[in-house]
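Take a look at the structure set out below.
Every number here is computed from the coordinates shown, using simple stated rules; none is lab data. Because the structure is a prediction, the values reported are computed rather than measured. As a convention, Cβ positions derive from the backbone with ideal geometry for all residues, glycine included, and neighbour counts pool all protein chains shown.
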Amino acid sequence: MQTSTIVLFVSLIEHKTTIFIMKLNTKFQFKTTFRITLLLSLSTLMMLFSSCENQKKSDMTKQQLLAMAKDVHNRVITLDTHCDIDVTNFTDSVNYTQDLKSQVTLPKMKKGGLDVAWFVVYTGQDSLSEIGYQKAYNNAMSKFDAIRRLVTEIAPGEIELALTSEDVKRIHASGKKVAMIGIENGYPIGLDINNVKKFHDLGGRYMSLAHNGHSQLSDSNTGEKNGIWLHDGLSDFGKKVIAEMNKWGIMIDISHPSKEAIRQMINLSKAPVIASHSSARALNDHSRNLDDEQLSWIKDNGGVVQTVAFKTYINQNKQNLFNDKISGIRDAIVDSLNVQWYSWQEFSNLDSNAQNKFLENRDMVMTLAEAKAKSITDFPLQVDVSDFVDHIDYMVEKIGLKHVGISSDFDGGGGVEGWNDTSETLNVTLELVKRGYTESEISQLWSGNLLRVLDDVELIAKNLQAQ
């Protein structure tokens, strides 16, 4: 009785490795001019390559790993899809050319090697009324204008606005930093669908349809808390906005909307979608993260999840242990300095001057508290870069490397120990190198995957406009 087996022939022809998989019988009765130079199963071959690579990494010193990471980091284009902004940092006297306390500035980007920052036109959710829509629109326009001033008036020699992947590559090659624009919450559109094209023309290249609270377009993930939904997914107008975003080439951002809204967005969209700042719900059960079913939707859609370095989205239990322990130290410092402290809910109700004052005091208080905590033996650890890359690993394994990217949510609550601002961006690459990712894979994670989706969305938009 004859049995069949799969054998692998590796033939080196003109310095290229060609793999032939042939089905042969046990007597090896076949006619061919090729000679067997290597007979290995594919799995054994991959194990050998992987083992050698891992052995090389394990033999390297910390200094050698760091040197390797620096080389990789300098060659790839590093891109962060979510950096919030404060318009008061975009003036003649106070701006990103200075090393401000904000997590993103040009000096920090240069120090950490972050090449591309997506500055976010964020608007908090308010009433679904003409007054609310107008206020939101005015807020959005002020942020578009702030970004425009940065690249045209404040620092045109240091940073330039990109609209396409080709722009990114060109600007990066020139030595400048790259600015791109994302829109967080479609609330400022109001009920005027023409604002979709207007926001595109102003440079917006992704937009989410909701934030923390249901918008006129979409339900928010926050509805999970009480089970109250406004639209059971998308509103009728929200569905029209999806089509309009496809037409003009704005990537649909599924971070923040509800699961049902996300399902409907993906079903309706003619183009791949992104999650501009979300992580894996299987590792941390938070409504802002994406569960395995949602991840599979994004894979099938051809989209990408930009893993977010936000402590409570990465490991809430670990961060809660730290927060609970440090709160006592913090309260003692607040009392000794006689400063006002607010919860984040109270903070949201403050005017802009009071918010800025609190953030200044908070930075000082937390710096002192964390310094004190580091001097205490066995003090609970904060969520760090390793925890963050655990989410990248999980999603790479679950849906494939081509569907995973990187984001911070800096100046919007984001940052982990080791990547607390853009000056520490190298540490993310270092952790990826430690875990065995190749330079090509790191390049995809940092920017390649996101720019691929941007290209796809742009091409689909051109085809839709031509119809």
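Values for this structure:
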{"quantity": "Within segment 317-374: Cβ-based charge dipole about Cα centre, in debye rounded to nearest 20 (Lys, Arg +1; Asp, Glu -1)", "calculated": "280"}
{"quantity": "³J(HN,Hα) computed for each position of segment 304-311 - Karplus, 6.51 cos²θ - 1.76 cosθ + 1.60, integer Hz, glycine/proline x", "calculated": "8, 9, 8, 3, 9, 8, 10, 3"}
{"quantity": "Residue-wise HN-Hα coupling along segment 371-382, computed from phi with Karplus coefficients 6.51, -1.76, 1.60 (Hz; x: Gly, Pro)", "calculated": "5, 5, 4, 5, 8, 9, 5, 6, 5, x, 7, 7"}
{"quantity": "Förster-model FRET efficiency, 56 Å R0, D455 and D335, C-beta, rounded to 0.05", "calculated": "0.55"}
{"quantity": "Relative packing of 319-331, 156-168, which averages over residues the other C-beta atoms within 10 Å, highest first", "calculated": "156-168, 319-331"}
{"quantity": "Fraction of antiparallel bridges per DSSP, the chain only, in percent to nearest 5", "calculated": "35"}
{"quantity": "All lysines inside 18 Å of K357 as judged from Cα atoms, apart from same-chain residues fewer than 8 positions distant", "calculated": "K101"}
{"quantity": "In degrees, nearest ten, helix 385-399 long axis to first principal axis of the chain (Cα)", "calculated": "50"}
{"quantity": "Calculated FRET value between R435 and T312, using beta carbons and R₀ = 25 Å, to 0.05", "calculated": "0.60"}
{"quantity": "FRET efficiency, D92 to L464 (Cβ-Cβ, R0 56 Å, nearest 0.05)", "calculated": "0.85"}
{"quantity": "Under 5 Å, built H, 5+ apart or other chain: amide partners of L161", "calculated": "A179"}
{"quantity": "Nearest 10 degrees, 0 to 90: helix 165-174 Cα axis against the chain principal axis", "calculated": "80"}
{"quantity": "Volume per residue that the Cα convex hull of the chain spans, once the total is divided by residue count, Å³", "calculated": "212"}
{"quantity": "Debye, to nearest 20: dipole size of segment 343-424, +1 on Lys, Arg Cβ, -1 on Asp, Glu Cβ", "calculated": "60"}
{"quantity": "Filtered trypsin sites (Lys or Arg not before Pro), segment 188-228: DSSP coil and at most 11 other beta carbons within 10 Å", "calculated": "K225"}
{"quantity": "Over segment 317-374, volume per residue of the alpha carbon convex hull, in Å³", "calculated": "81"}
{"quantity": "0 to 90° range, to nearest 10: angle between helix 259-268 axis and the chain longest Cα axis", "calculated": "60"}
{"quantity": "Length-normalised contact order of the chain in % [C-alpha pairs under 8 Å, at least 6 apart]", "calculated": "17"}
